[in-house]
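Asks: Please read through the structure below; I'll follow up with questions.
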Amino acid sequence: MKLRSIFFCIILSAFVMANSSCRVSYSFTGASISANVKTISIPNIPNNAPLVVPTLSRTITDALRDYFTSQTNLVLVDRNGDLNLDGAITQYAVQPVAIQGNETAAMNRLTITVSLKFSNKTDPKQNWDSPVQFSRYLDYSSSLQLYAVQESLIAGITEQLVQDIFNKAVVNW
């Protein structure tokens, strides 16, 4: 009889613990977003770089929107989201790297820089008080023309930039 009472108490305790009001939120992305944050707004990221690629603004804006909505439960809104990312592309540049003995470049480097502000209506301590610069680059052979590799370079750099921005904004390690 005593064994049955102990077993009953263990089962009851396990049931009470399982149904308690405490909640733990797990995320495979590492995002740490408060439960009262429901929306995000990411206006168009304009291209203010001296060298302009017409599709770059749309590519980066769409990648940011897609990543935040696919990796979180946030709903994208046009403006006044609980979270807001706003800024511009400030650099799109190609520079020679890996100079050889005959003073020619073996490789070229495409660099893209984005300057963003972040605001969190529910927790202003997480706001970025001044714009933060995110810069990434990829190298390519100087034997190739930029137009031949530009699309794949932009895709690779955009993926890296979006991950950096996401981590800075919502992954609080």
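Asks: Please go through segment 82-105 and pick out each residue that is farther than 20 Å from Ile154 by Cα, assigned to a strand (DSSP E or B) and small (Gly, Ala, Ser).
Replies: Of everything in segment 82-105, those that are farther than 20 Å from Ile154 by Cα, assigned to a strand (DSSP E or B) and small (Gly, Ala, Ser) turn out to be Ala98, Ala105.
Asks: Enumerate the pairs (first residue in segment 45-64 and touching a residue at least 60 places away in the same chain (Cβ under 8 Å); second residue anywhere and buried (at least 19 other Cβ atoms within 10 Å of the Cβ) and in a loop (DSSP other than H, G, I, E, B)) with beta-carbon separation below 6 Å, excluding pairs fewer than 6 apart on the same chain, so at least 6 apart or on different chains.
Replies: Between residues of segment 45-64 that are touching a residue at least 60 places away in the same chain (Cβ under 8 Å) and residues that are buried (at least 19 other Cβ atoms within 10 Å of the Cβ) and in a loop (DSSP other than H, G, I, E, B), the close pairs are Ile60/Ile45; Leu64/Ile42.
Asks: Sticking with this structure for a sec: Is at least one residue of segment 66-75 within 21 Å of Ser152 (Cβ to Cβ) and surrounded by 14 or more Cβ atoms within 10 Å (Cβ to Cβ)?
Replies: yes
Asks: Of these, Ile154, Ile99, which one is buried (at least 19 other Cβ atoms within 10 Å of the Cβ) and either farther than 18 Å from Ile40 by Cα or at pLDDT 95 or above (or both)?
Replies: So the residue among Ile154, Ile99 that is buried (at least 19 other Cβ atoms within 10 Å of the Cβ) and either farther than 18 Å from Ile40 by Cα or at pLDDT 95 or above (or both) is Ile154.
Asks: Another question, then. Testing Ala49 on (1) touching a helix residue (DSSP H, G or I) at 6+ places or on another chain (Cβ under 9 Å); (2) surrounded by fewer than 18 Cβ atoms within 10 Å (Cβ to Cβ); (3) not in a strand (DSSP E or B), one condition comes back false. Which one is that?
Replies: (2)
Asks: Here are Ile33, Ile40: which of them is surrounded by 13 or more Cβ atoms within 10 Å (Cβ to Cβ), at negative phi and in a loop (DSSP other than H, G, I, E, B)?
Replies: None of the others qualify; the one that does is Ile33.
Asks: Right, Val162: at pLDDT 95 or above, surrounded by 13 or more Cβ atoms within 10 Å (Cβ to Cβ), in a helix (DSSP H, G or I) and over 22 Å from the mean Cα position of the chain (by Cα) or not?
Replies: Answer is no for this residue.
Asks: Then there's this: Output the residue which, of all residues in segment 120-134 that are assigned to a strand (DSSP E or B) and either at pLDDT below 95 or of a type in the set (A, V, I, L, M) (or both), is surrounded by the fewest Cβ atoms within 10 Å (Cβ to Cβ).
Replies: Ranking the qualifying residues of segment 120-134, first place goes to Val132.
Asks: When you check Thr61 against the structure, is it polar (S, T, N, Q), surrounded by fewer than 15 Cβ atoms within 10 Å (Cβ to Cβ) and not in a strand (DSSP E or B), yes or no?
Replies: no
The values are calculated or read from the model by the stated rules, or taken from the named source; none is laboratory data. In this text, all values refer to a predicted model and were calculated from it rather than measured experimentally. We place every Cβ from the backbone using ideal geometry, glycine too, and count neighbours over all the protein chains shown.
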